[in-house]
Structure formats: C-alpha cells, structure tokens
Amino acid sequence: MEVVEDKNLSLLDRVKIQSELLIPLLKDLRQELGEEKANEIVYRSLRNHLKNHYQILAESKSGSGQEKWAALTEDMLVTIGDDVEIEHLRDDGEALNLDVIGCRYARHFLRVCEPELGAILTCELDEHTVATSNDEVTLNRPKTIMKGDSKCEFRYAFPKNRNGA
C-alpha cells in the first residue's frame, strides 16, 4: 500500500475532515451494533491502519531505529505546526521530556464529545512512531489533555544511549 499525504493540509485539518466522516458512521454503527461493538470494530480498524501507515513511512526513512523515529517525529511536528503548545523540559542524549500545555486536537475532539476517537487519530500516532524504532525509543505518557488532564506529559527515553551503546 502506497502512503500518500497532502503536505498542504495540517494534521488538524486532516483529522477534522476524518472526524466529519467517522463520527456519523460511528453513531450509526453504535445504533445498529451497540456502542461497545461499534467502537471495538472501528477503533481496531483505525489503529491497525495507522500503525501500518507509520510502519510504511518508517521504511522510507534511513538510519537506526532512533533516527527513523526522529525523522518521523520531525515530519509530524511540521504538520502539527502551532496546533499544540509545547514546554520543553529535558533534551539530551538519554531523554526527551516535554509537556503539551495547549492542544487544539483535544479541544476539537472534546467539543464533539469523541475524545477516544481523537486519541486514536492523534495521540496514538506518537506510539506508532515509537513502535518503528526497534526498541531504541520508549515513551511514557501518563497524562493527556484528551483524557481530561491539564497537560500531556511526554517522557521519551533512549535506552541504547543510556547504556553507552
């Protein structure tokens, strides 16, 4: 499967378009199948598609797992633009710690009462990029605005660097 991305659209514009299509579909499926079954089917499908999407994108990048993750993250930051407000806490060879203290994605999905869909379409993308790193990058994110917290805490670690490799 070829990955095609419109570089002229921000990630926020893309997920708003996606949500315009997915929310009515989800509502109809919930009515027909029940909320639990409809969510299970749609969420599983979206997760699988996005995981595959980022795996294909990673294969187009060169370098180590950490370098591929860095390249994917840099590409993503370009499409995110100023739709998130980031506070940098630590950035060295062993860790990258940052907090997102403002998020237009969360605002959108909380406004339309679909935070779980929003988490799948936006928040989980970070996990998909980490999964492409061959365990050279880990992510701990105990808090997210999408889940109602005041900020998103990103705690990336680079185990290979920590072990002196």
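Details
Yes/no per residue for (1) at pLDDT below 95; (2) within 18 Å of residue 79 (Cβ to Cβ); (3) polar (S, T, N, Q); (4) out of contact with any Leu (no Cβ under 7 Å at 6 or more places or on another chain):
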| residue | (1), (2), (3), (4) |
| --- | --- |
| 9 | yes, yes, no, yes |
| 19 | no, yes, yes, no |
| 28 | no, no, no, yes |
| 34 | no, no, no, yes |
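- So residue 28, is it within 16 Å of the chain's Cα centre (by Cα), without any contact (Cβ under 8 Å) to a residue 24 or more places away in the chain and closer than 25 Å to residue 106 by Cα: no
- The condition (being over 16 Å from residue 137 (Cα atoms), among the aromatic types (Phe, Trp, Tyr) and within 19 Å of the chain's Cα centre (by Cα)) is satisfied by just one residue among 54, 43: 43.
The values are calculated or read from the model by the stated rules, or taken from the named source; none is laboratory data. All of these numbers come straight from a predicted model, not from anything done at the bench. With ideal geometry, Cβ positions are generated from the backbone for all residues, glycine too; neighbour counts draw on all protein chains shown.
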